[in-house]
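Everything below concerns the one structure shown next.
Here, each number is a calculation from the coordinates, and none is a lab measurement. Source: prediction; values computed, not measured. Positions of Cβ are backbone-derived with ideal geometry, glycine not excepted, and every protein chain shown enters the neighbour counts.
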Amino acid sequence: MNEISMPTEPQFGDADQECRYPVRFDGHFLGRIFRWHGAWYAVAAGQSDEVRVAAGSTGSEAAARHLVDEYTAGRIAPQQETESGPTAPDGLFGPVPLLHPRMPVTPRNTDAAHVAMAGLTAYLWTPKTGYPGADNPWFVICGLCSWEGPRYWSHLRGRNGNPPSAFRHPKCIDPAKVRARIPAYQK
């Protein structure tokens, strides 16, 4: 008798524009997980309630495991995978807002957003959403190769007056070519 092996670990898909990762288990779409200010949240398929699950570097696995546990306990039903919700951006058809909707409008956040937006422009990144804070994932487009995905402003900005690393993301152009093509590295 042939045994069919079932996956024991959840599978992650690519992040959407809100940096939410789809979670699949046993071929079923169970929901999405995302990070916000160090904590990981899970949103079950077909629901809008965000459940804070864990924090830290293992938080993504814990959030996905939460969805699997809810599914195996019968508390959530898998659904057809769709966009992450009615607030999911459809694409760039104009300027993005200055701040991400989850960010409170304060003078400090507004000032930081202006600095971040200027930095993205100088280093040829295009944001697809408003500024989410330095340590939250931000969905951006690489201006050198059109790659799209989440990056953190804290990783894209330079330190101590130095420019950011010329390594942008896997499969981007060579760092020497990055420095040559972006005028901000010449300053």
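Worth pointing out:
- Relative to the Cα centre, the charge distribution of the chain, modelled as +1 at Lys and Arg Cβ and -1 at Asp and Glu Cβ, gives a dipole magnitude of about 1100 debye.
- GNM on the chain, alpha-carbon springs under 10 angstrom: the most fluctuating residue among Pro127, Pro22, Pro104 is Pro104.
- Taking amide H positions as modeled 1.01 Å from N, with prolines and chain starts lacking one, the residues under 5 Å from Ile76 and 5 or more places away or on another chain are Tyr71.
- Across the options Ile33, Ala64, Gly130, the greatest Cα extent toward the positive end of the charge dipole of the chain (unit charges at beta carbon of Lys, Arg, Asp, Glu) belongs to Gly130.
- The range 98-123 and the range 50-72 have their alpha-carbon centroids 29 Å apart.
- Value of Rg/Rh across the chain [Cα atoms, Kirkwood radius]: 1.03
- On Cα atoms only, tilt of 107-122 relative to the major axis of the chain in degrees: 70 degrees
- Selection from Ala55, Thr8, Gln80 lying farthest towards where the dipole of the chain points positive, charges on Cβ: Ala55
- Only Lys, Arg, Asp and Glu carry charge here, each on its Cβ (+1 for the first two, -1 for the last two); on that basis the range 28-83 has a dipole of about 140 debye about its Cα centre.
- Using alpha-carbon coordinates, inclination of helix 59-72 to the longest axis of the chain, degrees: 30 degrees
- Spin-label pair Arg108/Ser165, simplified geometry with 7 Å Cα→Cβ offset, distance in nm: 2.7 nm
- Kirkwood Rh and Cα Rg combined as Rg/Rh, the range 93-141: 0.92
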